[in-house]
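One structure below.
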Amino acid sequence: MNKLKITALAVAAALSMMTAGCGQDISTNDKPVKKTAVTKTASDSSTAEGSEKTSQTTEQTTTAPQTTTQATTTTAEYRDESGTADPAAAYASVPTLGQWMNGVVVCDRNKGEKIRGLIGFYSDDSSARYFTSMVNDVKKMVGDKVNVYTLPAPVSSAFYTPAGMENVTTDQHKATLDLSKTLDKSIKNIDAYGVLSKHTSEYIYYRTDHHWTTLAAYYCVKEFAKAAGVPFTELSDMEKCVKTGFTGSMYTYSNCPEFKQYPDTYTYYKPKNSYTTTYYNGAFQNGTPSQLFLDYAEGANSYCTILGSDMNLAEIKTDVKNGRTLVLIKDSYGNALTPYFIGSFEKIYVLDMRYTTIKLNDFFKKVGATDILFGSSISSFYTASRVDGIRAIMK
């Protein structure tokens, strides 16, 4: 393994480590470019939800060698979720240049809004089997009456790595499909890569942050809903909200000033059907009624808008009457998935694999789980410590 790959592995691992208090893997104490504007398209929008502030933490990273590569450009016209062309946006452009900056691949640094940050991903057969053996054991534990699914979300290097820097990531589609080889045949593995590969001309990954967008999560939940046999709410039936000035983890780690000049837009969608949200601690105790959306989150913390802190365990009760109860076991990528389940399940429980301390077998029985989804970044699926953490609380 070469030095670049070792460094990228270390940074990818660091990026996947959650800092307390925010619904993303990294938050910063840098001030946003400008005060975030929240624009709601529905006239009956509610006021800002919640009252607690989001904590901010800055982490150290290792420094990678500086490497630059030139590649041939491939540009796709950006279209939003309604299919409307937006010639001013450059989100779909495959970068032509990439350079290592403090462990982050900074792409097209001198091309204005085309700038994009990437993190690495690496997979192997033994890591795939390590994860699937744990999921298979969960399936054995819950029995045939409970459905189990996996949804490995690709990281953006799957689609936007410049030519000449292929060592940034192994084949993420292969890594997704490899899971199916050793998963129990009753477990449905959602091919999120295959879904998103059809939408790379859309705004499915942030340029200044390592997360996927809520639009990417929407497409994947739609595919999941088909596999689960549950109803699904289209974006046209949800309330669209928009925040500007989102500059995330790629700026934090690289310290590349151009990210500040060309921030992302954070768009999220609110269900219109009735539901309530209660947050518990990681042991499923001390429930407090709250809100799913923290509209006041802004700037670097915009990704915290949905669910807020990953330290909490969320319980969502909806007006859907189908007797289906979903338990989502996630990392921070799962935050973006959550709103799209509200039109599909009667109850939803969201817990983060890094922080919960509950005993899963007892928890599944207590809440009456009918469906269990492992929905996270593909990096968590291939990280041994994630698997070990889940195994430690299985019984």
I need the full set of residues from the stretch 134-157 which are in a helix (DSSP H, G or I) and in contact (Cβ under 8 Å) with a residue 60 or more places away in the chain, in order please. Met134, Val135, Asp137, Val138, Met141, Val142
Members of the stretch 361-379 found to be touching a residue at least 24 places away in the same chain (Cβ under 8 Å) and either crowded, with 23+ Cβ neighbours inside 10 Å or acidic (Asp, Glu) (or both), listed by number: Asp371, Ile372, Leu373, Phe374, Gly375, Ser376, Ser377, Ile378, Ser379
Keeping to the stretch 158-167, report how many residues are assigned to a loop (DSSP other than H, G, I, E, B) and either of a type in the set (A, V, I, L, M) or more than 20 Å from the chain's Cα centre (by Cα) (or both). 4
Residues in the stretch 282-324 that are among the hydrophobic types (A, V, I, L, M, F, W, C), buried (at least 19 other Cβ atoms within 10 Å of the Cβ) and within 18 Å of the chain's Cα centre (by Cα): how many? 10
Go through (1) more than 25 Å from Val94 (Cβ to Cβ); (2) surrounded by fewer than 18 Cβ atoms within 10 Å (Cβ to Cβ); (3) in contact (Cβ under 8 Å) with a residue 40 or more places away in the chain for Gly229 and report which single condition fails. (3)
Among the numbered criteria (1) crowded, with 24+ Cβ neighbours inside 10 Å; (2) part of a loop (DSSP other than H, G, I, E, B); (3) not small (Gly, Ala, Ser), which one does Asn335 miss? (2)
If I filter the stretch 178-190 for residues that are acidic (Asp, Glu), at pLDDT 95 or above, in contact with a helix residue (DSSP H, G or I) (Cβ under 8 Å, 6 or more places away or on another chain) and surrounded by fewer than 19 Cβ atoms within 10 Å (Cβ to Cβ), do I get at least one hit? yes
Condition first: among the small types (Gly, Ala, Ser), under 20 Å from Tyr382 (Cα atoms) and out of contact with any Leu (no Cβ under 6 Å at 6 or more places or on another chain). Can you find one or more residues in the stretch 191-214 that meet it? yes
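So in the stretch 381-395, with the set limited to residues that are among the β-branched types (Val, Ile, Thr) and buried (at least 20 other Cβ atoms within 10 Å of the Cβ), which one is nearest to Arg354 (Cα to Cα)? Give the steps one after another, and end with the answer.
Of all residues in the stretch 381-395, those among the β-branched types (Val, Ile, Thr) come to 383, 387, 390, 393.
From the residues that got through so far, the ones that are buried (at least 20 other Cβ atoms within 10 Å of the Cβ) too are 383, 387, 390.
Details: Thr383: 12, Val387: 10, Ile390: 8 Å.
Only one residue tops the list, namely Ile390.
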Collect the residues in the stretch 254-264 that are out of contact with any helix residue (DSSP H, G or I) (no Cβ under 7 Å at 6 or more places or on another chain) and buried (at least 17 other Cβ atoms within 10 Å of the Cβ), keeping them in residue-number order. Ser254, Cys256, Glu258, Pro263, Asp264
Output the number of the condition that Gln285 fails; it satisfies all remaining conditions of (1) without any contact (Cβ under 8 Å) to a residue 12 or more places away in the chain; (2) part of a helix (DSSP H, G or I). (2)
So, in the stretch 120-167, exactly how many residues are over 30 Å from Val367 (Cβ atoms), modelled with pLDDT of 95 or more and among the hydrophobic types (A, V, I, L, M, F, W, C)? 4
Pick from the stretch 227-258, criterion hydrophobic (A, V, I, L, M, F, W, C) and over 19 Å from the mean Cα position of the chain (by Cα), ranking: farthest from Gly343 (Cα to Cα): Cys256
Would you mind stating whether Thr277 is outside any loop (DSSP other than H, G, I, E, B), without any contact (Cβ under 8 Å) to a residue 60 or more places away in the chain and buried (at least 21 other Cβ atoms within 10 Å of the Cβ)? yes
If you check every pair at least six apart or on different chains, which have Cβ atoms under 6 Å apart with a residue in the stretch 185-209 that is farther than 30 Å from Cys256 by Cα first and a residue that is in a helix (DSSP H, G or I) and β-branched (Val, Ile, Thr) second? Asp191/Thr176
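The values are calculated or read from the model by the stated rules, or taken from the named source; none is laboratory data. All figures in this text were calculated on a predicted structure; none of them were measured in a lab. Note that we place each Cβ from the backbone using ideal geometry, even for glycine, and neighbour counts take in every protein chain shown.
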